[in-house]
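Below is one structure, written out as structure tokens, with a few remarks after it.
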Amino acid sequence: MPPVEDPWAGLSPRTVAVTAGRPPAHPDAPLNPPVVLASAFRAGGRMEYARETAPTTEAFEEVVGALEGGAAVAFASGMAAANAVLDTVAPTAVVVAPEHAYTGVSVRLQELAAAGRIRLRRVPVADTEAVASAVDGAALLWLESPTNPMLEVADLAACCAAAWAAGATVVADNTFATPMLQRPLDHGADVVLHSATKFLGGHSDLLLGALVTRDVELAETLRSRRVLLGAAPGALECYLAVRGVRTLPLRIERAQDNARVLADRLRGHPAVARVRYPGLPDDPGHDRAARQMAGPGALVAIETVGDAPTADRLCAATRLWVHATSLGGVESLLERRRRWSAESPGVPETLVRLSVGVEDVEDLWADLSAALDAAVDAG
Ligand SMILES: *Cc1c(COP(=O)(O)O)cnc(C)c1O
């Protein structure tokens, strides 16, 4: 597989996030990529038709590719990107996937398995030996680390090595960590998947996805999936995501600082039965995360004491924390994941996922701890 060249090698990702994806430098050139609203381009050039490619799409692809260290292909959403990967798998091929993973992907894998399109093997993804034995005879290993919403940490290098030995392609969903904290291609993954809807966009105002690979041929295959499945993103979404990426380093560092403080305090709150956060020294994923990530990230999962209604009361009682699905924006969000019937039954009923934002940490703590008190007192 011919490698994609990396013109950004040697620069800090903090610099790349600000620098990549700008128009060519010449006098009067705009600093930012214009929002080019065109479905068709004059013949004879490279663009031709916006499902193939488009200028604003390419700006987004340049900065995401530069951050992950490969060639990026943008999609209309994270799910569109996921389906593009799954479309490349041969009929009845074996796909190995985590028992707990992003619900949309999980449900789609189940659908494909039920229709006989793939054979699905689920594994506890933090159990490297289970992954290694499951990839035997598999075509695709689907990794997510840390996982949504259980915050389990997979050993990326070991899982990729096992898949490589078995001849399986590895796709790693890097939505939770972002390239600021983890670069799965450096650990041996073939493809990185992003829901840019989350941290890359960062402002809860767009839907967008991306796949990144170092394999030129695989990049072309994935790009053809975008073209033929009709999964091209809009120009405004790509523009907003590039603008979001400019502050990704600042946002993730601040949100992570907040998450560390909150996770530690939540452990001592009487309404909290368990905190899952790879930044806590006694978390099962702590050591592995410390080895393969630059930081534990800004997602925390807690289990409240009591039962599902207790967790629901918590979500209803906050003032600053917004009760909403999604994650990775500047504003802090929380939700009880099992309120979705499609969520894995392995996820505890009382698990509340916290997407920690960039607000003042003392304000966040005051609001959350008061809501926890209220949720228990009302029970
Ligand atoms: C949200 C999410 C997706 C799906 O992305 P969309 O942009 O909503 O289609 C995939 N993986 C993870 C981990 C997510 O959080």
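Just a few scattered comments:
- Matching entry among Glu303, Glu359, Glu331, Glu335 (being in contact with a Leu (Cβ under 7 Å, 6 or more places away or on another chain), within 27 Å of Leu206 (Cα to Cα) and at pLDDT 95 or above): Glu359
- Residues (among the polar types (S, T, N, Q) and either in contact (Cβ under 8 Å) with a residue 40 or more places away in the chain or closer than 16 Å to Asn174 by Cα (or both)) located in the range 285-331: Gln292, Thr304, Thr310, Thr318, Ser326
- Complete set of residues in the range 151-177 that are within 16 Å of the ligand (Cβ to nearest atom), open to solvent by less than 10 Å² (accessible area, probe 1.4 Å) and either over 12 Å from the mean Cα position of the chain (by Cα) or among the hydrophobic types (A, V, I, L, M, F, W, C) (or both): Leu151, Val153, Ala154, Leu156, Val170, Val171, Ala172, Ala177
- Looking across the range 319-343, the residues that are polar (S, T, N, Q) and either open to solvent by less than 20 Å² (accessible area, probe 1.4 Å) or at positive phi (or both) come down to Ser326, Ser332.
- Checklist (1) assigned to a loop (DSSP other than H, G, I, E, B); (2) out of contact with any Lys or Arg (no Cβ under 6 Å at 6 or more places or on another chain) applied to Cys159, failing item: (1)
- Condition check for Val131: farther than 22 Å from Ala154 by Cα and away from the ligand (no atom under 16 Å from the Cβ): no
- Restricting attention to the range 178-235, the residues that are buried (at least 21 other Cβ atoms within 10 Å of the Cβ) and in a strand (DSSP E or B) add up to 10.
- Residues within the range 40-65 that are within 10 Å of Ala235 (Cα to Cα) and among the polar types (S, T, N, Q), tallied: 2
- Residue list for the range 96-119, restricted to those being in a loop (DSSP other than H, G, I, E, B) and either open to solvent by 50 Å² or more (accessible area, probe 1.4 Å) or within 16 Å of the ligand (Cβ to nearest atom) (or both): Glu99, His100, Ala101, Tyr102, Ala115, Arg117
- Considering the range 20-29, the residues that are without any contact (Cβ under 8 Å) to a residue 40 or more places away in the chain and either small (Gly, Ala, Ser) or open to solvent by less than 70 Å² (accessible area, probe 1.4 Å) (or both) include one that is farthest from Glu62 (Cα to Cα), namely Ala29.
- Residues that are hydrophobic (A, V, I, L, M, F, W, C) and either modelled with pLDDT under 95 or under 15 Å from Ala82 (Cα atoms) (or both) within the range 92-112 comprise Val95, Val96, Ala97, Ala101, Val105, Val107, Leu109, Leu112, listed in sequence order.
- Selected residue [more than 15 Å from the ligand (Cβ to nearest atom), modelled with pLDDT of 95 or more, of a type in the set (D, E, K, R) and buried (at least 20 other Cβ atoms within 10 Å of the Cβ)] from Arg51, Arg122: Arg122
The values are calculated or read from the model by the stated rules, or taken from the named source; none is laboratory data. Computed from a prediction, not measured in an experiment: that's the story for all the values here. In this analysis, Cβ positions are derived from the backbone assuming ideal geometry, glycine residues included, and neighbour counts consider all displayed protein chains. The accessibility values were calculated without ligands, DNA or RNA, using every heavy atom of the protein model including side chains. Shrake-Rupley method; radii C 1.70, N 1.55, O 1.52, S 1.80 Å.
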